[in-house]
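> Below are the structure tokens for one structure; questions will follow.
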Amino acid sequence: MNAPDRFELFLLGEGEKKVTEQTDTRTANSAVFTFNKEDHTLANMLRAHLLKDQHVTFAGYKVPHPLFATFELRIQTDSVISPKEALVNCCKSLVGDLETLSREFTKEYELRKMVAGDGTGIDQ
Amino acid sequence: MEYDPMIMDTEATGPSVKITEAGSHHVDFELQGVDLAFANSLRRVVLAEVPTMAIDLVEFSANTSVLADEFIAHRLGLIPLNSKNVDDVAYSRDCDLCNDRCENCSVTLSLHARCTGDDIMRVYARDLVVDGGRANQWVGSPVITDPEGLGTVICKLRKGQELNVKCIAKKGIAKEHAKWAPTSAVGFEYDPHNKLRHTELWFEEDASKEWPKSKYADWEEPPQEGEPFDYDAVPERFYFEVESVGNLEPDAIIQQGIKVLQQKLASVIQTVTEGEGGDINGMNGADDYNNGPRSPDTGMVGSGWQGDTGYTTPGYGGGNASTWGAGAATPYGATPYGQSHSNGWS
Ligand SMILES: [Zn+2]
């Protein structure tokens, strides 16, 4: 009865932003990004990929409360790039990887189809 | 484009795919060159965030069957509907052409059955008839895969009983309701020999006897007797088994999943870099996207994400002012992040 609408899991509220940045003043070159209407799907992917950046010295995320569709991603960098730059680079790099994946998948799938003769019921 | 290439020890080559089996309703493949988080995100997005069509509203004009209205409405919702090229359909909640619903954002199906004979009559999914227009020729038709061409049983009617309903199918994602799921299952597996010790394999006497080996165990080197644990090892080969419910073709499910992930990332880039570079026009669309509730993919992409048209979503800088490669003859990844310095990207 008082259950929140399910679409609150993925639709941004009025005036709500996808990401907000909060500088972490306790340490140098660090910031906490709060993502709205996102979950582990995006969070863990970003976290894992950020750690591959040589300029990133720390990346970690938490979901403050399981009932709210939000997560906090903390990034700390060396002084060469800012956490924000690290985040943007990371996203761009992932988009590229996904593009490669898409292309690879299409290639493989088309190959399968050709071997099977036509597109329908390709395994027989 | 002035960012340092990331250090990628194992993935110099990027993701690669090997399809091991495929059919009209399933695809099994092996994914390599990515980390566990990436593979798992693909799994999650395919399960919960790939849009499909499903019946969302049902108006009853007659129901003298033994089943209650809401019971039948629920059953109707769960019937898989063809969702091919579902990008052509708008989300009802942000359809520009209507206030409630229209042919651009919904499909109307009607069902009228009355039992006149002495035998019990079955009402099937094939009895759902698409009324009026729809965004494309496929979207909203009930998925029928049985050899008799009947589809799912909706209810049974006795002599004199009648069912007359009008159903409104809409686009949605499984995060909102499982009826919008494109898959009935997504198998996800790695490290068949449990060399990484990511799982415990509880046993009574002997784990190797009590736990059947995965079919992928033959594909990977079994651990040597007395082999020391490798603390640096990470999972590298991921085995997916995607099973479609019939509304989308298995390859379309994966491709759509990839697209949804790209859209998520794109909206992050867009929000974080908002206001940088100073092109006012390019930002109009961004504001449109970020303020106010909109469905996951609107604003970012339109139909031409990987296509060759660029997008012309209304209010989203259709034309050269758009941030995301409008008018680009190349997919997003090939000419990354905008074409020139006029668009707010550097
Ligand atoms: Zn509409």
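The values are calculated or read from the model by the stated rules, or taken from the named source; none is laboratory data. On a predicted model such as this, the values are computed, not experimentally measured, just so you know. Heads up, the Cβs are rebuilt from the backbone with ideal geometry, glycines too, and the neighbour counts pull from every protein chain shown. Side chains included, ligands, DNA and RNA excluded: accessible areas come from the protein's heavy atoms. Shrake-Rupley method; radii C 1.70, N 1.55, O 1.52, S 1.80 Å.
> Using alpha carbons only, how many angstrom separate the centre of region B:47-78 from the centre of region B:189-254?
39
> Determine which lysines satisfy two conditions relative to B:LYS213: a Cα distance under 24 Å, and not lying fewer than 8 residues away in the same chain.
Candidates past the 8-residue exclusion: B:LYS18, B:LYS195.
> Still on this model: With the full set of protein chains in place, find how many percent of the accessible area of chain A is carbon and sulfur; take the probe as 1.4 Å. Let's see the in-between values first.
Values: 3330 of 6310 Å².
C and S atoms contribute 53 percent here.
> Taking only DSSP H segments of four or more residues, each worth -39500 (n - 2.57), what value at 222 nm results for chain A once the sum is divided by all its residues, to the nearest 500 deg cm²/dmol?
Here the helix-only value at 222 nm equals -12500 deg cm²/dmol.
> Over region B:39-158, give the accessible area per residue in Å² for a 1.4 Å probe, as an integer.
On the way: 5840 Å² over 120 residues.
In whole numbers, region B:39-158 has 49 Å² accessible per residue.
> Quick one: buried accessible area between A and B, total over both chains, 1.4 angstrom probe, nearest 100 Å²? Spell out each step's value before the answer.
Numbers: alone 9110 and 19420 Å², together 22860 Å².
Buried surface at the A/B interface: approximately 5700 Å².
> List the trypsin sites (Lys or Arg not before Pro) in region B:85-188 that DSSP assigns to loop (not H, G, I, E or B) and whose Cβ has at most 14 other Cβ atoms within 10 Å. Which are they? If you can, show how the numbers build up before the last one.
Details: sites: B:ARG93, B:ARG101, B:ARG114, B:ARG122, B:ARG126, B:ARG134, B:LYS156, B:ARG158, B:LYS159, B:LYS166, B:LYS170, B:LYS171, B:LYS175, B:LYS179; in loops: B:ARG101, B:ARG134, B:ARG158, B:LYS159, B:LYS175.
Taking region B:85-188 and a limit of 14 other Cβ atoms within 10 Å, the loop trypsin sites (Lys or Arg not before Pro) found are B:ARG158, B:LYS159.
> Also, I was wondering about something else. Only residues of region B:172-206 count here: report those whose backbone N is under 19 Å from the spot 7 Å along Cα→Cβ of B:GLN224, or say none.
The answer is B:193-197.
> While we're on this one: Which entries in the list A:LYS18/B:LYS170; A:LYS113/B:LYS264; A:LYS18/A:LYS62 go over 20 Å, if you measure between the two C-alpha atoms of each?
Details: A:LYS18/B:LYS170 25 Å; A:LYS113/B:LYS264 30 Å; A:LYS18/A:LYS62 16 Å.
A:LYS18/B:LYS170; A:LYS113/B:LYS264, as the Cα separations exceed 20 Å there.
> Could you name the lysines in cross-link range of B:LYS259, using Cα to Cα under 17 Å and dropping any fewer than eight places away on the same chain?
Within reach: A:LYS92, A:LYS107, B:LYS84, B:LYS171, B:LYS175.
> Can you give me the accessible area per residue for region A:16-116, using a 1.4 Å probe, in Å²?
45
> Now, a different point. Which GluC sites (Glu not before Pro) from region B:77-184 combine a DSSP loop assignment with at most 11 other Cβ atoms within 10 Å?
Working: sites: B:GLU103, B:GLU148, B:GLU162, B:GLU176; in loops: B:GLU103, B:GLU148, B:GLU176.
Answer by residue number: B:GLU148.
> Mind running the shape call on chain A? Use the C-alpha gyration tensor, a ≥ b ≥ c as the square roots of the eigenvalues: rounded below 1.5 for a/c, prolate if a/b tops b/c, oblate otherwise.
Values: a/c = 3.37, a/b = 1.49, b/c = 2.26.
Note, shape of chain A comes out oblate.
> Now for a separate question. Taking 41 Å as R0, compute the FRET efficiency from the Cβ-Cβ separation of A:ARG26 and A:LEU67 and round it to 0.05. Before the final figure, lay out each step's value.
Details: r = 28 Å, r/R0 = 0.67.
After rounding, the FRET efficiency stands at 0.90.
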